[in-house]
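Data first, discussion second: the structure below is written as structure tokens.
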Amino acid sequence: MLLVILLLIFEFLGDCIGQETITPLNPELIAVEGTDITISCNYKGNINNLQWYRQNPGSRPECLLLILQSNMFVQNTSITTSRHTGAINEDKTRLDLNIASTEVSDSALYYCALQP
């Protein structure tokens, strides 16, 4: 079986002046094709909503998921599939992006973001 390594990197976006922050748990992840991965960020402060973005080389970032205060997830169905799911752990103030059965096409730069 041919194994393909995916390099998934994410950065953080946040309000540098206010008390709202969001930071990645791991700035880089490597996965074998077909495995499940979770990309996580910790957030703090008064949050209106949280977002996950993906940026492919040479392209602009595209919103994957928007998570509203009500914990309702709005998925961008034009670029996400049932393999892409989000989760919030409010006790630990952590935002997760789960990608099941990773594919080479999942290789990208991932951003977690918040709106204060």
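Some points to look at:
- Pick from the range 85-102, criterion over 12 Å from the mean Cα position of the chain (by Cα) and closer than 21 Å to residue 42 by Cβ, ranking: modelled with the highest pLDDT: 93
- Breaking point among (1) at pLDDT below 80; (2) in contact with a Cys (Cβ under 8 Å, 6 or more places away or on another chain), for residue 53: (1)
- Residue identified as at pLDDT 80 or above and part of a loop (DSSP other than H, G, I, E, B) among 70, 105, 82: 82
- Considering the range 85-102, and only residues there that are in a strand (DSSP E or B) and either β-branched (Val, Ile, Thr) or without any contact (Cβ under 8 Å) to a residue 60 or more places away in the chain (or both), the residue that is surrounded by the fewest Cβ atoms within 10 Å (Cβ to Cβ) turns out to be 89.
The values are calculated or read from the model by the stated rules, or taken from the named source; none is laboratory data. These numbers come from a predicted model, not from an experiment. Using ideal geometry, Cβ is built from the backbone for each residue, glycine included, and neighbour counts are taken over all protein chains shown.
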